[in-house]
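The structure appears below as structure tokens.
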Amino acid sequence: MLHQQQEANCLLLQKFYKIVIDFPDIDMSTGRQVNLSCAHGFKSGTSEMRRDKDEDDLQEEDIGVARPVQIVVADEEEHSFSLQEEVLERLLLQEEVQDLQVVVVSVAGAFRKGKSFLLDFMLRYMYRKSFGSWIGCGDEPLTGFKWRGGCERETTGILAWSEVFVVEKPDGSKVAVLLIDTQGAFDSQSTIKDCATLFALSTMTSSVQVYNLSQNIQEDDLQHLQVGISLLGSFYSSCFTLQTLMFLIRDWSYPYEHPYGLEGGRNFLEKRLHVKQNQHEELQNVRKHIHSCFSNIECFLLPHPGLKVATNPRFDGRLSDIDEDFKKQLVNLVPTLLSPENLVEKEIGGVKITCRELLHYFKAYMKIYQGEELPHPKSMLQATAEANNLAAVAGAKDVYNKSMEQICGGDKPYISPTELERRHVELRQASVRHFRSVKKMGGEDFCRRYQEQLEVELDEAYTNFSKHNDGKNIFYAARTPATLFAVMFVMYVVSLVTGFVGISSVATLCNLVMGVALTALCVWAYVKYSGEFREVGGVIDQVAETLWEQVSNWVLM
């Protein structure tokens with residue numbers, strides 16, 4: 001029945017795609033070109049090569065091609081990681097998503113277990129869920145995040161899909177959805193620290209962490225999980241918990257004991273994580289630790305995709321090569337994670353965060369993971385508090401900037417300096433109140449430093465707005481040439497008078513000043529016309545303004 005429904009929907013899709021046959025990779029919901037016909041990814045290499053690749057990523061994003069981009073680069077020789085801030089800013093500071101609450105779905109686990117393969121079906125769902133049968137046609141290759149068969153790892157570091165999806169929830173609110181792919185753990189090139197760092201970083205920044213496992217939940221899988229969250233245990237249990245952890249058991253072979261899907265997974269997980277009195281203390285502590293770190297723990301049992309998938313070196317993800325049981329459960333799994341009613345917004349300290357705020361947390365967490373030693377929970381708490389306050393500063397400053405833009409920004413008419421200053425004082429106070437109203441970490445003394453930083457930045461922003469407003473005043477714009485003309489006129493008159501009475505030295509000096517003023521006027525006019533040598537033009541404006549103010553003050557006295 002499922003197969004017949006898929007074939008019928010495929011025929012409809014194929015007819016629809018004929019309209020855009022020359023541009024087959026268009027997201028029909030957004031009209032944006034999507035690179036789903038040519039899989040792209042990143043292979044290991046030097047940091048310089050990756051930086052060059054990241055520049056290519058940015059160039060491709062400029063023309064609207066969605067693709068995986070590397071946000072955390074792994075240096076295999078130094079066993080360290082670096083954040084690609086420019087790439088992450090391009091993702092999270094897009095105008096349409098930066099102020100939306102963010103949902104971050106990350107897939108982590110051992111290498112060569114099909115994480116990228118799973119993420120590509122998530123991508124297919126996000127792009128095609130409005131078509132009903134989103135899973136696709138039988139002869140359609142699976143593309144998006146780069147994946148392949150074999151025994152060697154493919155993904156390194158942390159990658160994100162370059163399009164942040166905007167989804168409307170049943171209550172009418174809109175959220176931004178970010179899909180994250182992480183380097184497989186426990187390969188032959190990564191240390192325990194490398195694996196723990198990547199898992200901790202992806203877990204701390206995600207709202208749903210999918211822990212991808214094969215066949216069963218073994219005791220070593222739980223211990224590996226504990227290694228990954230060992231950095232977070234005391235920190236999160238004392239401050240707040242992580243959100244959703246989903247155990248995804250691939251190639252489940254015991255449906256007669258626990259059926260495929262979410263319900264069977266819950267029953268199975270309850271048995272696996274149950275703390276028994278006769279268990280060894282170490283085994284009990286592992287389970288208690290996992291329970292203490294996450295507010296919600298789920299499990300989904302997924303069948304084996306079939307022998308064609310496992311043994312065919314040319315398998316490219318076509319549904320025709322995948323077993324029906326796997327496809328049926330996949331249709332249930334992906335909406336469980338990504339349907340609008342099931343989306344889980346990222347929270348830190350009980351507060352839902354936006355894309356803009358997530359950027360601050362990424363930067364703060366990367367700083368503490370760049371040392372040779374694993375960070376202490378206290379340093380993690382400080383980093384989280386710092387990012388939390390910086391995000392509050394950015395939000396409060398944004399409130400001020402948007403309001404000031406409505407008053408004097410862009411093509412708004414000139415406003416008197418007195419009125420502008422009065423509005424600045426009001427908005428400055430409102431911005432500070434906004435900062436204080438946001439739930440923050442670190443205590444009063446810690447937060448006061450960031451409030452002072454906010455006040456300094458607001459005053460700097462006011463200075464810029466004031467200059468922009470002055471530039472709209474036609475008299476202010478004419479102040480420099482008027483001052484220079486006045487200087488030339490006065491010097492000309494004085495030169496005539498002193499020359500007539502025989503004081504030639506003063507007349508010569510006046511002529512010299514008049515020549516300098518004329519030269520300055522010509523240079524100023526050239527700067528304004530050509531846009532070159534703006535520093536010189538700025539100096540001339542500053543000298544003219546100073547002279548204007550001095551004379552004005554003298555006259556008013």
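The values are calculated or read from the model by the stated rules, or taken from the named source; none is laboratory data. All figures in this text were calculated on a predicted structure; none of them were measured in a lab. No Cβ is skipped: glycine too gets one built from the backbone with ideal geometry, and neighbour counts run over all protein chains shown.
Here are some notes:
- Applying the condition of being assigned to a loop (DSSP other than H, G, I, E, B) and surrounded by fewer than 13 Cβ atoms within 10 Å (Cβ to Cβ) to the range 238-270 and asking which residue is modelled with the lowest pLDDT yields Ser253.
- Yes/no for Ala525 being surrounded by 14 or more Cβ atoms within 10 Å (Cβ to Cβ), in the same structural domain as Phe485 (by TED's automatic domain parsing) and touching a helix residue (DSSP H, G or I) at 6+ places or on another chain (Cβ under 7 Å): no
- Taken residue by residue, the range 490-505 has no member that is touching a residue at least 60 places away in the same chain (Cβ under 8 Å), among the polar types (S, T, N, Q) and not assigned by TED's automatic domain parsing to the domain that holds Val432.
- Test: Phe489 is of a type outside the set (Ser, Thr, Tyr) and within 30 Å of Leu518 (Cα to Cα): yes
- Here Leu330 clears all of (1) surrounded by fewer than 17 Cβ atoms within 10 Å (Cβ to Cβ); (2) part of a helix (DSSP H, G or I); (3) in contact (Cβ under 8 Å) with a residue 24 or more places away in the chain except the condition numbered (1).
- Any hit, the range 462-473, residues being closer than 24 Å to Asp411 by Cβ, in a helix (DSSP H, G or I) and modelled with pLDDT under 80: yes
- Annotation: Leu273 fulfils all but one of (1) at pLDDT below 80; (2) touching a helix residue (DSSP H, G or I) at 6+ places or on another chain (Cβ under 6 Å); the unmet one is (1).
- Listed by first and then second residue, the pairs with beta-carbon distance under 6 Å, at least 6 apart or on different chains, first residue in the range 276-298 and without any contact (Cβ under 8 Å) to a residue 40 or more places away in the chain, second of a type outside the set (Gly, Ala, Ser), are Gln284/Val275.
- Conditions (1) within 33 Å of the chain's Cα centre (by Cα); (2) not aliphatic (A, V, I, L, M); (3) not in a helix (DSSP H, G or I); number of the one not met by Glu444: (3)
- Screening Ala544 against (1) modelled with pLDDT of 85 or more; (2) surrounded by 18 or more Cβ atoms within 10 Å (Cβ to Cβ) leaves a single unmet condition, (1).
- So Leu283, is it surrounded by 13 or more Cβ atoms within 10 Å (Cβ to Cβ) and either at positive phi or in contact with a strand residue (DSSP E or B) (Cβ under 7 Å, 6 or more places away or on another chain) (or both): no
- Matching option when the condition is assigned to a helix (DSSP H, G or I) and buried (at least 16 other Cβ atoms within 10 Å of the Cβ), among Thr508, Thr498, Thr519: Thr498
- Count of the range 426-441 residues which are in contact with a Cys (Cβ under 9 Å, 6 or more places away or on another chain) and not in a helix (DSSP H, G or I): 2
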